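Novice: I have a structure I would like to understand better, so I am pasting it below and will then ask my questions one at a time.
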Amino acid sequence: MNGTNRGLNRFFLLVVGLVLLALGAGAIALAALPNVLGDWGNQAKSVADNAPDWVAAPSVGQVSLLTVLIGVVAVVLALLLILFIARHGQGRTSRVIDDRTSDTGRTLVELGVPKSLLAAELDDRDEFVSTRVSAYDVKGTPTLKVSVQCRRGVSPVEAARIVTEALYGMDEVLGTRLPAMVQVTGGFRSRSAARARLA
């Protein structure tokens with residue numbers, strides 16, 4: 001539910017995970033096996049002795065071309081990470097209705113309105129430990145996300161039915177049907193939370 005491509009997210013996590021796994025395995029091997037450290041030193045010396053001129057000799061002023069390439073790669077990676085951070089979390093919106101088609105003017109409805117309407121219906125229900133309402137811009141269409149955490153023993157089907165009925169009631173009040181996604185969860189908090197009601 002954000003503006004970042006899901007496949008790109010997973011690819012980035014895979015690459016970072018593999019790099020960290022390789023570095024960790026190498027560090028463990030260097031620390032645990034003395035022969036590996038000796039072989040590493042010999043290989044490094046061999047590579048340095050046989051390095052081509054474009055790596056070993058200065059070619060851009062007093063800096064080797066390898067250093068310049070490493071710097072360029074680092075800058076590109078930094079820019080990609082900045083772009084990733086800037087895009088991450090986008091998609092949220094605080095406006096659920098923006099109707100410009102009316103002849104009498106423009107209709108704006110902020111997220112607080114459906115939040116209040118759904119809270120009035122769901123907050124006092126014994127079936128739920130907590131509820132949360134947010135909104136996202138999905139391909140130009142504001143879409144609600146209603147997350148409810150159920151108490152232990154509550155059927156997810158029943159929980160979804162309760163939320164769906166609350167959404168239909170909200171649509172009647174607003175005079176339009178808002179797309180919505182319902183997320184039903186449970187967990188330790190749902191098992192440990194006491195059923196408390198005030199008279």
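The values are calculated or read from the model by the stated rules, or taken from the named source; none is laboratory data. Values in this document were obtained by computation on a predicted structure and should not be read as measured data. Note that each Cβ is placed from the backbone with ideal geometry, even for glycine, and that neighbours are counted across all protein chains shown.
Novice: Scan the stretch 91-102 and tell me whether some residue there is surrounded by 11 or more Cβ atoms within 10 Å (Cβ to Cβ), under 20 Å from the mean Cα position of the chain (by Cα), part of a helix (DSSP H, G or I) and not basic (Lys, Arg).
Specialist: The answer is no, given that none of the residues of the stretch 91-102 is surrounded by 11 or more Cβ atoms within 10 Å (Cβ to Cβ), under 20 Å from the mean Cα position of the chain (by Cα), part of a helix (DSSP H, G or I) and not basic (Lys, Arg).
Novice: Also: State all residues of the stretch 108-127 that are assigned to a strand (DSSP E or B) and either crowded, with 16+ Cβ neighbours inside 10 Å or modelled with pLDDT of 90 or more (or both); if no residue qualifies, say none.
Specialist: The answer is 109, and nothing else.
Yes or no, residue by residue, for (1) in the same structural domain as residue 107 (by TED's automatic domain parsing); (2) in contact with a helix residue (DSSP H, G or I) (Cβ under 7 Å, 6 or more places away or on another chain); (3) among the aliphatic types (A, V, I, L, M); (4) not in a helix (DSSP H, G or I):
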site: 129; (1), (2), (3), (4): yes, yes, yes, yes
site: 136; (1), (2), (3), (4): yes, no, no, yes
site: 144; (1), (2), (3), (4): yes, yes, yes, yes
site: 149; (1), (2), (3), (4): yes, yes, no, yes
site: 154; (1), (2), (3), (4): yes, no, yes, yes
site: 161; (1), (2), (3), (4): yes, no, no, no
site: 176; (1), (2), (3), (4): yes, no, no, yes
